[in-house]
Amino acid sequence: MGLHRLLGFTAAVPAPSALTAFYGELGLGGSPTTGFTGSDGGASVLVDEGDFRRLIRVEFGCQGPEDIDAAAARLTDGGAAPVVGDGELRVVDPASRVELVVRVADVAPTPAPASLVVPNAPGATVRADERAPAVFAGPRPPRRLGHLVIGTPALTETRDLLVQGLGLKLSDEIDGVIAFLRCSPDHHNVALVESPVPLLQHYSWECDDVDHVGHSASALLRPDPSRHTWGLGRHFAGSNFYWYLRDPAGSYLELYSDLDQILDDEAWELRGRTPFDFEHVANSWGPDLPLEFIVPPDLDQLQAAWAER
Ligand SMILES: [Fe+2]
């Protein structure tokens with residue numbers, strides 16, 4: 001019982017048409033109002049027009065109406081003010097200013113299994129006398145939206161609202177720096193980072209494998225190399241390969257593959273969740289974390305915009 005999937009999020013940006021064109025290049029289907037999705041459907045990104053870029057809403061699916069009532073009771077006990085009506089729960093996180101929504105939803109669509117390709121390795125030739133299939137593959141739409149990262153001026157408060165109130169589970173954390181939360185088998189569906197302003201820090205689309213990540217990222221970089229932000233690398237938390245590009249509104253879009261899947265909460269706590277320390281906050285391997293990933297180039301604009309609200 002409880003939450004079982006991320007349904008998507010809504011972002012406001014000053015120029016939705018530029019973001020729509022970028023999503024078209026990536027191969028996403030949909031529209032700003034119906035939501036953009038990957039080739040497997042599932043969670044979507046809705047886009048509104050706004051004076052400055054910001055995250056408006058994040059939506060989660062739960063199994064039954066009793067989950068909504070239980071979350072409402074926990075939130076109220078914690079001092080929040082959830083609104084329940086029309087089969088939904090809505091609550092605004094005062095720190096990140098994001099509206100969080102929970103409603104009953106079907107299980108996520110079952111993806112077509114990716115074909116597993118075992119690579120050649122020293123002493124283990126599995127492919128002889130032919131090229132690797134990946135060299136013939138090309139850019140293609142990502143499978144699905146997997147997670148988003150919320151920048152919040154009060155990480156602990158936002159985390160407590162999501163975990164103790166809504167019922168997400170904590171997968172990994174460095175206290176006061178970053179928290180990875182899940183509401184599905186994905187290692188994280190939402191991560192939280194400390195930020196001077198509320199922020200959609202990044203959002204992330206799942207690919208079949210690292211070659212899919214590489215083909216699709218490369219196709220976006222050829223016409224505009226300045227989109228490149230950080231990658232290729234492999235994170236420690238979640239284990240996934242990553243490549244980050246800047247979207248036209250200024251948030252970062254991640255293409256990823258091979259994320260940890262948590263099917264048994266107890267097994268994860270016992271053997272999966274090894275210590276996650278500051279040494280690994282950026283990655284297991286890959287380029288150094290670029291400053292722009294932590295301090296966005298438009299931070300002054302965002303601070304001024306939030307000050308006016
Ligand atoms: Fe990510």
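The values are calculated or read from the model by the stated rules, or taken from the named source; none is laboratory data. Please read these numbers as outputs of a predicted model, since none were measured by experiment. Ideal geometry is used to build each Cβ from the backbone, glycine not excepted, and the neighbour counts take in all protein chains shown.
Before moving on, here are some points about what is shown:
- A search for C-beta distances below 7 Å between a residue of region 151-170 that is more than 28 Å from E292 (Cβ to Cβ) and any residue that is basic (K, R) and in a helix (DSSP H, G or I), counting only pairs 6+ apart in sequence or on different chains, returns Q164/R74; G165/R74.
- From the list V104, V98, the one residue that fits, being of a type in the set (V, I, T), under 30 Å from S195 (Cα atoms) and modelled with pLDDT of 95 or more, is V98.
- In region 219-232, the residues that are more than 22 Å from A137 (Cβ to Cβ) form Cβ pairs under 6 Å with partners that are buried (at least 18 other Cβ atoms within 10 Å of the Cβ), at six or more places apart or across chains, as follows: T229/Y244; T229/L245; T229/R246; T229/Y252; W230/Y244.
- Unmet requirement for D208, which otherwise passes all of (1) buried (at least 18 other Cβ atoms within 10 Å of the Cβ); (2) within 16 Å of the ligand (Cβ to nearest atom); (3) touching a residue at least 60 places away in the same chain (Cβ under 8 Å); (4) not hydrophobic (A, V, I, L, M, F, W, C): (2)
- You will find that of L162, L181, the residue that is of a type outside the set (S, T, N, Q) and touching a His at 6+ places or on another chain (Cβ under 7 Å) is L181 and no other.
- Residues being out of contact with any Asp or Glu (no Cβ under 8 Å at 6 or more places or on another chain) and more than 14 Å from the ligand (Cβ to nearest atom) - total across region 133-153: 7
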